[in-house]
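Data first, discussion second: the structure below is written as structure tokens.
The values are calculated or read from the model by the stated rules, or taken from the named source; none is laboratory data. Predicted model, so just to flag it, every value in this text is computed and none were measured. Cβ atoms come from the backbone with ideal geometry, glycine included; neighbour counts cover every protein chain shown. Each accessible area value is taken on the protein alone, full model and side chains, heavy atoms only, with ligands, DNA and RNA left out. Shrake-Rupley method; radii C 1.70, N 1.55, O 1.52, S 1.80 Å.
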Amino acid sequence: MKLHTKLTLISLLALLCAAAANASILTLKNGDRITGKVSSANDAQMILETQFGSITIPRSEISAISDDANSPTVSQTVAAEPAPAPEAPTASSAASAEGDITAPPAVEKEPQWITDYRNFVKENFPEGWQFRLRGGLEYRQTTSKVFSVYGAFDTKKEWDLNKFSATAYYNYTQETSVNDVTSTTLDKWGIDTNFRRDFDETSHWYVQNILNYKKDMVKGIKDQVDEAVTLGYRFDFERYDLTIDIAPGPAVRYVNADNFDTKWVIMGVLAEDLVWNISKLLNFEQNAYVGMNLTNSNQYSAYLKLGLVLKATDVIDIALRYSYEYDAVNATTAQREEQRLLLSFEAPFNWK
């Protein structure tokens, strides 16, 4: 060991021993200051007795030592030395760190399977896109037996002033009489898309295009296409983490349904969306849509969708979803109303 290094260590040990008699203030290289009585010290570490317990501090982390009165005659900057090899934490040092208010807060380590899941999503899904898979099952037996399956796939992407979202869904229902004599299968499927462009970065005024396609055996709809161009405004209640979108505009509908001769319908529509982030674990979603035939006020359609989403784990959400739909733009003999209440299990991929 060089003479200069030896002299530095001897001076340090002498200073530490002198400071041990009284309370000392240790200034660490990260700026933290710890007050206590030095109980022992060597060239690798020192032990400080504080009101929170005994703390072992590596010498390489100490930048200066002074007495409790901040006397300049005692204060000294510790010479920089090569950092010693890190020591394995002991039970006493861990316990003292818990009681030290200057110690950094403990961070719970993320489970390995969560890390693997995040890496899988990052490597296998397009960057910037968000996805969500949701679905549920229903079995009901009264005077007949009913088995239903509901599934949906959501995606969305935001870039510059643009926002795009789409939902593909499928509902399957099989109803069998109580004596298993007759069986009826009904299904409904389709896709809903929304493209929105904000006027500026405030995201208040925007224009959007709503384009939907569906097929519904329950209502005898072979094909139905709805397209609307709306001008909207977003109300942003930051204090409550709540946003509400209101967007009216013109629309056109093409309907190919049983016993319905009208194919094209010119409509006026009003779309509304609400998102409320109640907490980090609980969200509320609400969507509403009203459309009216501009040539026949007796023909109109409307739907209301409500969703309460609980973030159960990092990879699974549990949602209670309710929907109500009324559609009079169809044959007079077709079913007009439909209600659904679904307990949904949902897997979000980069979903925000």
### Message
Suppose we filter the range 211-248 for residues that are open to solvent by less than 20 Å² (accessible area, probe 1.4 Å) and within 29 Å of the chain's Cα centre (by Cα); how many remain?
### Response
4
## Note on the structure
Filtering the range 34-50 down to residues that are open to solvent by less than 70 Å² (accessible area, probe 1.4 Å) and over 10 Å from Ser24 (Cβ atoms) yields Ser39, Ser40, Ala41, Asn42, Ala44, Gln45, Ile47, Thr50
### Query
Here is a list of conditions, (1) open to solvent by 40 Å² or more (accessible area, probe 1.4 Å); (2) in a strand (DSSP E or B), and Asn298 meets all of them except one; can you say which number that is?
(2)
### Task
Among the residues of the range 125-165, count how many are open to solvent by 60 Å² or more (accessible area, probe 1.4 Å) and among the β-branched types (Val, Ile, Thr).
2
### Task
Could you grab the pairs with beta carbons closer than 8 Å, sequence gap of 6+ or different chains, first residue in the range 273-288 and open to solvent by 60 Å² or more (accessible area, probe 1.4 Å), second one among the basic types (Lys, Arg) and part of a strand (DSSP E or B)?
Lys280/Lys311; Leu281/Lys311
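Name the one entry in Val309, Val329 that is surrounded by 15 or more Cβ atoms within 10 Å (Cβ to Cβ) and part of a loop (DSSP other than H, G, I, E, B).
Working: Val309 fails: part of a loop (DSSP other than H, G, I, E, B).
After ruling out the rest, the residue left standing is Val329.
Yes or no, residue by residue, for (1) free of Cβ contacts under 8 Å to residues at least 24 places away in the same chain; (2) in contact with a helix residue (DSSP H, G or I) (Cβ under 7 Å, 6 or more places away or on another chain); (3) part of a loop (DSSP other than H, G, I, E, B); (4) crowded, with 16+ Cβ neighbours inside 10 Å:
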position: Pro250; (1), (2), (3), (4): yes, no, no, no
position: Val265; (1), (2), (3), (4): no, no, no, yes
position: Val269; (1), (2), (3), (4): no, no, no, yes
position: Tyr322; (1), (2), (3), (4): yes, no, no, no
position: Thr333; (1), (2), (3), (4): no, no, yes, no
position: Leu343; (1), (2), (3), (4): no, no, no, no
position: Pro348; (1), (2), (3), (4): no, no, no, yes
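Tell me whether the range 201-208 contains one or more residues that are under 21 Å from the mean Cα position of the chain (by Cα) and either open to solvent by 50 Å² or more (accessible area, probe 1.4 Å) or among the hydroxyl-bearing types (Ser, Thr, Tyr) (or both). Steps first, answer last, please.
We begin by selecting, within the range 201-208, every residue under 21 Å from the mean Cα position of the chain (by Cα); these are 203.
Those left that are additionally either open to solvent by 50 Å² or more (accessible area, probe 1.4 Å) or among the hydroxyl-bearing types (Ser, Thr, Tyr) (or both): 203.
For the range 201-208, residues under 21 Å from the mean Cα position of the chain (by Cα) and either open to solvent by 50 Å² or more (accessible area, probe 1.4 Å) or among the hydroxyl-bearing types (Ser, Thr, Tyr) (or both): present.
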### Message
Just to be sure I understand, how many residues within the range 252-263 are surrounded by fewer than 18 Cβ atoms within 10 Å (Cβ to Cβ) and in contact with a Ser or Thr (Cβ under 7 Å, 6 or more places away or on another chain)?
### Response
1
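Taking Gly53, is it surrounded by 14 or more Cβ atoms within 10 Å (Cβ to Cβ) and at pLDDT 75 or above? Steps first, answer last, please.
Values: surrounded by 14 or more Cβ atoms within 10 Å (Cβ to Cβ): yes; at pLDDT 75 or above: yes.
So Gly53 fits the description; yes.
Given the residues Tyr254, Tyr300, which is the only one that is modelled with pLDDT of 95 or more, within 27 Å of Tyr170 (Cα to Cα) and of a type in the set (Phe, Trp, Tyr)?
Values: Tyr300 fails: modelled with pLDDT of 95 or more.
One residue alone meets the criteria, Tyr254.
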### Message
Can you list residue pairs whose Cβ atoms sit under 6 Å apart, with the first residue in the range 229-240 being closer than 22 Å to Val207 by Cβ and modelled with pLDDT of 95 or more and the second being in a strand (DSSP E or B) and open to solvent by 90 Å² or more (accessible area, probe 1.4 Å)? Count only pairs 6 or more apart in sequence or on different chains.
### Response
Tyr233/Trp205
